1. How many residues does segment 78-122 contain that are among the β-branched types (Val, Ile, Thr), under 21 Å from the mean Cα position of the chain (by Cα) and more than 11 Å from the ligand (Cβ to nearest atom)?
2. Can you tell me which residue among Ser143, Ser176 is more than 16 Å from Ser262 (Cα to Cα) and within 18 Å of the chain's Cα centre (by Cα)?
3. Are any residues in segment 217-235 surrounded by fewer than 19 Cβ atoms within 10 Å (Cβ to Cβ) and in contact (Cβ under 8 Å) with a residue 24 or more places away in the chain, and if so, which ones?
4. Just to be sure before I move on: is Phe61 within 22 Å of Ser220 (Cβ to Cβ), of a type outside the set (Gly, Ala, Ser) and in contact with a helix residue (DSSP H, G or I) (Cβ under 8 Å, 6 or more places away or on another chain) in the structure I sent?
5. Which of the residues spanning segment 34-70 are more than 16 Å from the chain's Cα centre (by Cα) and either within 10 Å of the ligand (Cβ to nearest atom) or closer than 20 Å to Leu22 by Cβ (or both)?
6. Mind checking which residues of segment 81-99 are touching a Lys or Arg at 6+ places or on another chain (Cβ under 9 Å) and not hydrophobic (A, V, I, L, M, F, W, C)?
7. From the set of residues in segment 21-33 that are more than 10 Å from the ligand (Cβ to nearest atom) and not hydroxyl-bearing (Ser, Thr, Tyr), which is surrounded by the fewest Cβ atoms within 10 Å (Cβ to Cβ)?
8. Is it the case that some residue within segment 101-110 is touching a Cys at 6+ places or on another chain (Cβ under 8 Å), of a type in the set (Phe, Trp, Tyr) and in a strand (DSSP E or B)?
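The values are calculated or read from the model by the stated rules, or taken from the named source; none is laboratory data. Because the structure is predicted, anything quoted here is derived from the model rather than measured. With ideal geometry, Cβ positions are generated from the backbone for all residues, glycine too; neighbour counts draw on all protein chains shown.
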Amino acid sequence: MSGYLHGSDRETSRLFEQAAYLRQWFAPHWTLPDSGTVLEVGCGVGAQTAWLLEQHPALQFHCIDANPDQIEIARTTLQPFVAQGRATIDCLDVVDIAPNHQFDGALFIWVLEHVPDALEALVASGRALKPGAGICCTEVLNSSFHHCPASQPLTHYWEQFNELQRHLGGDPDVGSRLPALLAEAGFREIQVQPVSLFFSDHHPDARREFFSYWSTLLASAAPGLQEAGKIGGAELSEMVAACAELGSRAGSVLSYTAMVASARIQ
Ligand SMILES: C[S@@+](CC[C@H](N)C(=O)[O-])C[C@H]1O[C@@H](n2cnc3c(N)ncnc32)[C@H](O)[C@@H]1O
């Protein structure tokens with residue numbers, strides 16, 4: 001596991017909020033098996049998992065995450081499902097999954113951007129799947145981010161944010177590599193769904209809400225950015241102020257595209 005970009009002390013609550021907010025756009029594209037056990041890689045605090053378990057009563061989840069702090073919280077979040085025998089939880093790096101072809105599906109949500117070798121992670125997951133089982137990955141494509149009118153503090157912070165992720169061994173554009181990575185990892189029937197979000201005057205409240213989410217997402221990397229000397233306190237405040245101003249400004253625009261890819265292991 002490479003260093004984790006989002007290091008603020010609000011990370012637990014941010015992951016719960018993010019899971020609840022983003023699923024309106026992404027969940028419709030998630031492909032899961034009708035029954036059996038899904039391997040969820042990088043479950044974080046289990047926020048998305050709990051919702052998925054409620055939505056899919058015929059599924060069980062085996063959840064792994066390399067971060068012991070996240071896993072400890074996931075154990076609490078998922079305790080009712082663990083008690084029902086519908087969830088198991090393990091503190092494990094994706095590359096250490098047993099290659100015993102036991103799972104009926106695999107799910108990655110905002111995980112591959114953080115791993116040093118996304119191909120190795122997908123190969124390891126493929127070896128844990130039953131032949132023909134599906135995988136579904138939702139990943140970032142940070143170079144797609146566009147905002148208008150251009151804000152220098154926001155642009156500068158965003159550049160530093162992405163540079164830090166690369167420095168930590170991650171890939172802020174891993175979404176664009178998903179089809180090639182899945183093919184190289186031995187997956188077939190690859191389908192890619194770009195999910196484009198666009199906020200402007202046509203829905204001012206939704207725009208304000210997304211700029212607010214964006215500000216929180218970027219601020220979650222502030223401790224690491226400050227430790228690496230990439231930003232100071234002023235740059236954080238200026239980015240937050242820019243997002244607040246753009247969020248309520250007539251004529252402002254924000255667009256971002258993330259990628260959802262599904263495939264089957266041979
Ligand atoms: C942005 S969080 C996403 C959490 C969750 N999937 C969600 O959508 O709320 C990414 C998670 O991936 C985990 N992670 C990163 N690298 C990993 C690896 N190599 N193996 C397992 N988990 C990893 C991190 O610890 C973190 O909890």
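1. Residues of segment 78-122 that are among the β-branched types (Val, Ile, Thr), as a first pass: 82, 88-89, 94-95, 97, 109, 111, 115.
Within this subset, residues satisfying the condition of being under 21 Å from the mean Cα position of the chain (by Cα) are 88-89, 94-95, 97, 109, 111, 115.
Pick out the ones that are also more than 11 Å from the ligand (Cβ to nearest atom) and you get 88-89.
Residues in segment 78-122 being among the β-branched types (Val, Ile, Thr), under 21 Å from the mean Cα position of the chain (by Cα) and more than 11 Å from the ligand (Cβ to nearest atom): 2 in total.
2. Numbers: Ser176 fails: more than 16 Å from Ser262 (Cα to Cα).
The unique qualifying residue is Ser143.
3. Within segment 217-235, the first condition is being surrounded by fewer than 19 Cβ atoms within 10 Å (Cβ to Cβ), and the residues that meet it are 217, 223, 226-229, 232-235.
Scanning segment 217-235 gives Leu217, Pro223, Ala228, Glu235.
4. Working: within 22 Å of Ser220 (Cβ to Cβ): no; of a type outside the set (Gly, Ala, Ser): yes; in contact with a helix residue (DSSP H, G or I) (Cβ under 8 Å, 6 or more places away or on another chain): yes.
No.
5. Here is the first cut: in segment 34-70, the residues more than 16 Å from the chain's Cα centre (by Cα) are 34-38, 53-62, 68-69.
If the condition is that a residue be more than 16 Å from the chain's Cα centre (by Cα) and either within 10 Å of the ligand (Cβ to nearest atom) or closer than 20 Å to Leu22 by Cβ (or both), then Val38, Leu53, Glu54, Gln55, His56, Phe61, Pro68, Asp69 are the ones that fit.
6. Just the residues of segment 81-99 that are touching a Lys or Arg at 6+ places or on another chain (Cβ under 9 Å), to begin with: 82, 89, 97-99.
Selection gives Pro99 alone.
7. Going residue by residue through segment 21-33, those that are more than 10 Å from the ligand (Cβ to nearest atom) are 21, 24-25, 27-33.
Filter once more, so that each one left must be not hydroxyl-bearing (Ser, Thr, Tyr): 24-25, 27-30, 32-33.
On the way: Gln24: 8, Trp25: 14, Ala27: 16, Pro28: 10, His29: 17, Trp30: 19, Leu32: 20, Pro33: 17.
Applying the filter and picking the extreme gives Gln24.
8. yes
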